[in-house]
1. If packing is taken as the mean number of other Cβ atoms within 10 Å per residue, what is the order of 525-538, 387-400, 487-500, 651-664, highest first?
2. For the chain, give the magnitude of the charge dipole about the Cα centre (Cβ charges: +1 Lys/Arg, -1 Asp/Glu; no others), in debye to the nearest 20.
3. For the range 408-422 and the range 100-136, compute the distance between their C-alpha centroids and round to whole Å.
4. Find out how many positive minus negative residues lie around S678, taking Lys and Arg as positive, Asp and Glu as negative, among other residues whose Cβ is under 12 Å from that of S678.
5. Taking K265 as the anchor, which lysines have their alpha carbon closer than 21 Å to its alpha carbon, excluding any fewer than eight residues away along the same chain?
6. Quick one: Karplus J couplings for the range 251-266, per residue in order, coefficients 6.51, -1.76, 1.60, θ = phi - 60°, nearest Hz, x for Gly and Pro?
7. Within the accessible area of the chain, what % is carbon and sulfur when the probe is 1.4 Å and the other protein chains stay in place?
8. Could you tell me how far the Cα centroid of the range 218-239 sits from the Cα centroid of the range 530-571, in Å?
Amino acid sequence: YLVARHRNTTGFRVPQAGLLFVPNAHSTAPQAHHELIRNTYKRTHRWDKILRDQDELELLTREHPLMHVLFSSIPDDCGLYDKPMARNAQIWTLDGHLLLDGPSARPEEIKHALRTVEAGGLFGYRFHFPAMRVGTHAIYWHRPLAAYRTAEMEEPALLSDAPLGYFTAYPTTPKEADGAEDKARGLWSISREALENPVEMWPRLLQRPLPLATLPMFHEMGKGPTTARNIRKLIDAFHLRGNQPLARSFARSLLTLAHEETLDKWLASLPPELAAGVQPLIATQDESWPRRSGAKTPDSLTYGRTAKRAFETTYWKTIATLAEGKYLNKNNADCIRDATTQRELPYFDRHLDELGDYLLAYYDKQIALAKLKGRALAGSLPFQWQTDFDFSWMSGWMQNQERPAERNLLTVIPGKDRGRAVIMADHYDTAYMADRYEKTLGGRGARLAACGADDNHSATAALMLAAPIFLQMSKQGKLGCDVWLIHLTGEEFPADCLGARHLTQALIEGKLVLHRTDGKKENLSKVRIQGLYVSDMIAHNNDHDRDIFQIAPGTGKASMWLAEQAQVATEIWNESVPVWNQQPERVSCPPGRRSPHGAALPQVAPHLSLNGQVRPVTDPRSTLYNTDGQIFSDAGVPAVLFMENYDINRTGYHDTHDTMENIDLDYGAALAAIVIESVARAATEQPDRP
């Protein structure tokens, strides 16, 4: 009650709490505690068009009725990106009775709370977000907030050397002993015995000189915060590599600098005391790439197949087929049954299922052409979309009430070690178009799926073109472990990373069973995932900051190793480009230009050198959080996101212009080639176990 809701990234996040008043025939506005009544709430979501280090609450102006926010699944209340939030709230009656404990409630308990609140009265509530989890333990940090204030001070001052408090860890169990359904929904609870006997841990600060020296820089004006973040990224990467100096090119790719600024120039700009601490983190010699005898370019595993006009042409035509062909309604919720959408829908079927069949038929054909039938496998990972609330206005949701109607698609390409796999992934569903829905953008409230040329058929096409390359490598015995090509479903709203969540759960619980296209089943639960590369939007070249893409690793040593493989793949590509561009078909060609539609294949242009920037989770420009990649990273699956230089505000993102007009063929084909090379490297190298 005393502290307003707060989401600033530089401080403690404070959820909203207060009193909810719902009038009825027997009650009027309460006389007492009126200042505590907070009947509205500002919704936030991961597609808010703001920067990561901005405070959403300061930028949002619209407040929604709290009852709608908590319990309503009506289309107009959900909009494009909102959901009922009762799971993230606790509600009490005024006599102290706990009416709803959202994180552990079952659907019938949520419905009971809704009926009780709808009857009217005054209720206490707080938004509540579950504790951090480590394995099966819920972790809480009990930290005293020690501060003082004098008459002369405008703001209270924190005591920086106050006690850090302690952590408690509580083992969690499913809500009921036989609660298989509860477990599937993530309904866990902490027993009274566990509450009375927690595991206690007392934190100690590392107090390392170099990180301590950068702390004041976070509060400086100008380049201070950026320099501090740069040093932190180098420190983190150095320790994740087992305290081994970073390759100079990899160190440069971690830094946020002007394009022309070199690593040496940046090091020279540091104050001497910082430079002395940073120098040991970086190797002293430039690395040299392996070359075949007499070769002009570094050795690569796949560029002999991808640095070709034939690859570019097939890449363009594949995206065009997926985006501008017969597969239009590709959101998991399709088709929406409200009157506005029904009036504007050109077709009334969910095409996501047909698209899945098309992709599986393609992989079966590639396997047959490679003569690997029976060894390489294609199939689906079916599952059911379950929700706490009724969304019967979504046809896709309705299908799931009768049967498991969702599926990830998986193609297994065998390597030497069948006990390990590297995953190359995308999502093959598409978003609804904001400019057909939002009235402020000229829309009329219709939920119509985008064509998805960039988001995300640019990545789907990359997986399709990777298949024959990896199948050939498999036949030649060049893959050190299996490669899995996985098309994830339900990344876009309203499904919201549904396929990634299901795959992650199956991996962790050891219940991954492939439903093969030949009708058989294959248990893949024993395979260890060495790493996962997920691509999401890889073919729109940002007009304001061109030829840049991000390599965004998740947390942990293995994710950083995956990022290194991607950075090496990028360096090999860039060093080869000048040689490739001297070939007769490329020499003297003008720079490439976009084309207005899929039938207009862009002219041959020089290969592009791309700036692959490694953006760890501490980098505010990393957009891992906005993709399926975050789901895997949170669960401990080593992951790296490939994405263009993301601009959430650009034309062509979640709108009617996500078509071939926004695809930069030379950029997209180069980035697709780099992704394929990265996967190949990760599948032929054996990293140190984290």
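1. Top to bottom by mean Cβ count within 10 Å: 487-500, 525-538, 651-664, 387-400.
2. Here the size comes out at about 1800 debye.
3. The range 408-422 and the range 100-136 have Cα centres spaced 42 Å from each other.
4. Result for the local shell: -3.
5. Cross-link targets: K223, K233.
6. Rounded to whole hertz, the list is 4, 5, 5, 7, 8, 8, 9, 4, 3, 7, 7, 8, 4, 5, 5, 5.
7. 53
8. 20
The values are calculated or read from the model by the stated rules, or taken from the named source; none is laboratory data. Note that the coordinates shown come from a computational prediction; the quantities given were computed from them, not determined experimentally. A quick note on method: Cβ atoms are made from the backbone with ideal geometry, for glycine too, and the neighbour counts reach across all protein chains shown. Note: accessible area is taken over every heavy atom of the protein model, side chains too, but ligands, DNA and RNA are not part of it. Shrake-Rupley method; radii C 1.70, N 1.55, O 1.52, S 1.80 Å.
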